[in-house]
Amino acid sequence: MHKVPTLTKDFRKIEDIGLDGGAAKLDEKKIQQVVKQVLDNETSARFEAYMDTCVHCGLCADACHYCLSHDGDPSYSPVGKMSQTIWEIVKRKGKVSPEFMRNAVQIAHTECNLCRRCMHYCPIGIDVAYMMTIVRRLGHKLGLTPQYIQDTCHSHSATGNQMWVKDDEWIDSLFWQEEEARDEFPEMRIPVEKEGAEMMYSVIAPEPKFRTHLIYQAAAIMHEARVDWTMPATPGWDNSDMAMFTGDNETMGRLKRMHYETAHRLRVKRIVMGECGHAFRSVYDVGNRWLAWRDTPIEMVHGVQFYWEMLTSGRIKVGSQIEDLVTFHDPCNIVRGRGLEEKGREVAKAFCPNFVEMTPNREHNICCCAGGGVINCGPPFKKTRIEGNSVKAEQLRATGAKIVIAPCHNCHGGLEDIIHHYKLDMKLMFLGDIIYEHMQKTRAIEEG
Ligand code: SF4
Ligand code: SF4
């Protein structure tokens with residue numbers, strides 16, 4: 001039987017104004033009230049089944065990168081995370097101290113990526129990620145959320161995007177990228193507010209803020225493939241969603257509704273989400289269900305699927321190939337969450353014939369350690385995140401690859417830190433980077 005730890009005085013507490021400031025305002029009565037309200041009204045048979053059926057076998061320990069990266073320390077195991085947090089809260093009927101609650105929320109926010117790898121290892125299929133989201137939800141209702149990620153939620157709630165990009169800045173960024181393209185694709189347009197277009201392309205706020213080249217590249221690919229597309233001029237363009245990760249379900253639902261309403265207003269037939277895993281999860285799996293929509297009201301596809309469609313239908317053709325050894329990182333939210341592993345590989349291998357798999361891979365892949373909102377908890381928790389994923393560094397190093405493809409923004413953030421910290425000689429790329437650089441450019445100005 002696996003040793004299940006409880007929270008002790010030796011807990012790895014990290015100062016954070018959101019957690020510490022929130023705890024200072026709490027009392028036990030308030031905690032009991034919120035715990036009762038959330039457990040009575042927001043959990044159901046699934047929660048009870050997970051609470052009642054764990055047999056403490058510890059098989060999930062080998063699934064979690066935090067646990068593997070700390071020599072199997074049981075306090076980092078998935079079951080250990082439950083025993084230190086939600087089990088204790090339920091057992092004590094919410095009679096826990098503000099300090100206990102604050103530390104439980106720290107675990108749920110910064111020592112679990114909600115990657116759901118452990119669920120595959122649990123013989124009963126217990127979804128520890130779901131249990132951590134309940135702890136985060138309690139934290140949200142109690143005013144206990146790490147400050148960085150809370151700031152991002154506030155920004156998204158107030159402005160419609162997570163990085164406080166003003167409406168005119170957003171439009172300027174699109175026009176700027178269109179202008180940049182003049183020297184390469186003289187006829188390329190970024191169609192804004194085109195009603196009735198085949199599809200709306202959706203990005204996350206870091207793209208106009210500091211990765212505008214990704215918008216350029218996506219537009220170039222659309223142009224080459226002669227796609228009838230558009231982007232909105234109004235809020236609703238940013239598909240990211242930290243509220244989903246903080247347990248602020250009300251804000252999450254409002255943002256997802258705004259996204260789909262924008263697509264409806266433009267009368268598009270489908271939405272294509274750029275290479276971001278969590279944003280896709282928020283509209284494809286979580287936000288839509290919270291809004292009580294069994295499915296998405298408009299077809300929603302991830303960039304990996306879109307690129308695969310463009311390539312296999314011949315709308316994009318391979319112009320040149322990369323000779324370096326290349327590997328592929330399977331993002332949790334689009335592989336365990338959507339099954340896009342083969343499509344991603346097909347696109348990657350078309351441009352990169354020297355391909356090597358990581359071990360393990362596909363639905364067994366090890367998380368980047370950034371997802372689940374963990375990287376968004378900011379600098380105070382960066383060390384936890386990087387030290388909590390030395391196994392990823394080993395996995396990457398063992399491939400001998402010079403390039404790792406990660407079709408997800410969060411994964412890029414996490415892997416960048418891992419590559420830098422563990423001194424891996426590797427370049428990180430999106431699929432869009434590779435397609436843009438190596439597709440046939442029949443509509444470009446000929447060089448020379
Ligand atoms: S990080 Fe992933 S494997 Fe570890 S407990 Fe969370 S969901 Fe499970
Ligand atoms: S969560 Fe599943 S794998 Fe982990 S200890 Fe409980 S029953 Fe075993």
Projected area, mean over directions - the chain, Cα convex hull, nm²: 20.8
Set 392/427; 194/441; 9/93; 30/93, cut-off 19 Å on Cα-Cα distance; pairs above it are 194/441; 9/93
Tell me the trypsin sites (Lys or Arg not before Pro) within the range 1-103 that lie in a loop according to DSSP and have at most 15 other beta-carbon atoms within 10 Å. 3, 9, 12, 13, 25, 92, 93, 95
Given the whole protein assembly as supplied and a 1.4 Å probe, what does the accessible area of residue 157 come to in Å², nearest 10? 40
Within the range 337-436, DSSP-loop trypsin sites (Lys or Arg not before Pro) with at most 14 other C-beta atoms within 10 Å are 423
Show me, for the range 276-290, the HN-Hα J-couplings you get by feeding each phi into the Karplus relation (A = 6.51, B = -1.76, C = 1.60, θ = phi - 60°), rounded to Hz, glycine and proline as x. 9, x, 5, 5, 5, 4, 5, 9, 8, 10, 9, x, 4, 6, 4
Those Cys residues of the chain for which no other cysteine Cβ falls under 4.7 Å: 54, 57, 112, 122, 153, 276, 352, 369, 377
Positive end of the dipole of the chain, charges at C-beta (+1 Lys, Arg; -1 Asp, Glu), about the Cα centre: which of 282, 153, 101 has its Cα farthest in that direction? 101
Projecting the Cα atoms of 388, 200, 134 onto the charge dipole of the chain, where Lys and Arg contribute +1 and Asp and Glu -1 at Cβ, the residue farthest towards the positive end is 134
Using a 1.4 Å probe over the heavy atoms of the protein chains, calculate the carbon and sulfur portion of the accessible area of the chain as a whole percent. 50
Taking every pair of alpha-carbon atoms in the range 56-158, give the share separated by more than 17 Å as a whole percent. 52
Rounded, prolate or oblate: which fits the range 117-250 when a ≥ b ≥ c are the square roots of the eigenvalues of the alpha-carbon gyration tensor, with rounded for a/c under 1.5 and prolate only if a/b beats b/c? prolate
State the antiparallel share, in %, of DSSP beta bridges confined to the chain, rounding to the nearest 5. 5
Using amide H atoms built 1.01 Å from N in the peptide plane, name the residues 5+ places from residue 300, or on other chains, whose amide H lies under 5 Å from its own. 271
Of the beta bridges DSSP finds with both residues in the range 308-448, what % are antiparallel, to the nearest 5? 10
Expected unfolding gain across residue 309-residue 9 under the 0.36 nm per residue rule, minus the alpha-carbon gap, is 102.6 nm
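For residue 354 and residue 295, what does the FRET efficiency come to when R0 = 41 Å and r is the distance between their Cβ atoms, rounded to the nearest 0.05?
Rounded to the nearest 0.05, the efficiency is 0.55.
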Net charge near residue 269: determine it from the other residues with C-beta under 14 Å of the C-beta of residue 269, scoring Lys and Arg +1 and Asp and Glu -1. -1
Just to confirm, what accessible area per residue do you get for the range 359-448 at 1.4 Å probe, in whole Å²? 41
If r is the Cβ-Cβ distance from residue 394 to residue 172 and R0 is 51 Å, what FRET efficiency results, to the nearest 0.05? 0.70
From DSSP H assignment alone, runs of 4+ in the chain each adding -39500 (n - 2.57), the sum over residues rounded to the nearest 500 puts [θ] at 222 nm at -14000 deg cm²/dmol
Please label the shape of the range 282-326 as rounded, prolate or oblate, based on the square roots a ≥ b ≥ c of the eigenvalues of the alpha-carbon gyration tensor (a/c under 1.5 means rounded; beyond that, a/b larger than b/c means prolate, else oblate). oblate
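Calculate, for the range 247-355, the solvent-accessible area per residue in square angstrom, rolling a 1.4 angstrom probe over the heavy atoms of the protein chains.
On a per-residue basis, 39 Å².
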Karplus-derived 3J(HN,Hα), 6.51/-1.76/1.60, for each residue of the range 256-262, Hz, glycine and proline x: 5, 4, 4, 4, 5, 5, 5
Taking GluC sites (Glu not before Pro) in a DSSP loop with at most 14 other Cβ atoms within 10 angstrom as exposed, one finds the longest site-free stretch of the chain at 16-186
Per-residue ³J(HN,Hα) for the range 361-377, Karplus 6.51 cos²θ - 1.76 cosθ + 1.60, θ = phi - 60°, Hz, x for Gly and Pro: 9, 6, 5, 9, 4, 7, 4, 6, 6, 9, x, x, x, 5, 5, 6, 7
Debye log10 I(q)/I(0) for the range 247-395, one point scatterer per Cα, at q = 0.15, 0.17 Å⁻¹: -0.94, -1.11
Would you mind computing the Rg to Rh ratio of the range 378-443 from its alpha-carbon coordinates, Kirkwood style for Rh? 1.07
Would you work out if the range 11-83 is rounded, prolate or oblate? Take a ≥ b ≥ c from the square roots of the eigenvalues of the alpha-carbon gyration tensor; rounded if a/c is under 1.5, else prolate when a/b is larger than b/c, oblate otherwise. oblate
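The values are calculated or read from the model by the stated rules, or taken from the named source; none is laboratory data. Since we're looking at a predicted model, the values are computed, not measured. Every residue, glycine among them, receives a Cβ derived from its backbone with ideal geometry; neighbour counts consider all protein chains shown. Ligands, DNA and RNA are excluded from the accessible area calculation, which covers all protein heavy atoms including side chains. Shrake-Rupley method; radii C 1.70, N 1.55, O 1.52, S 1.80 Å.
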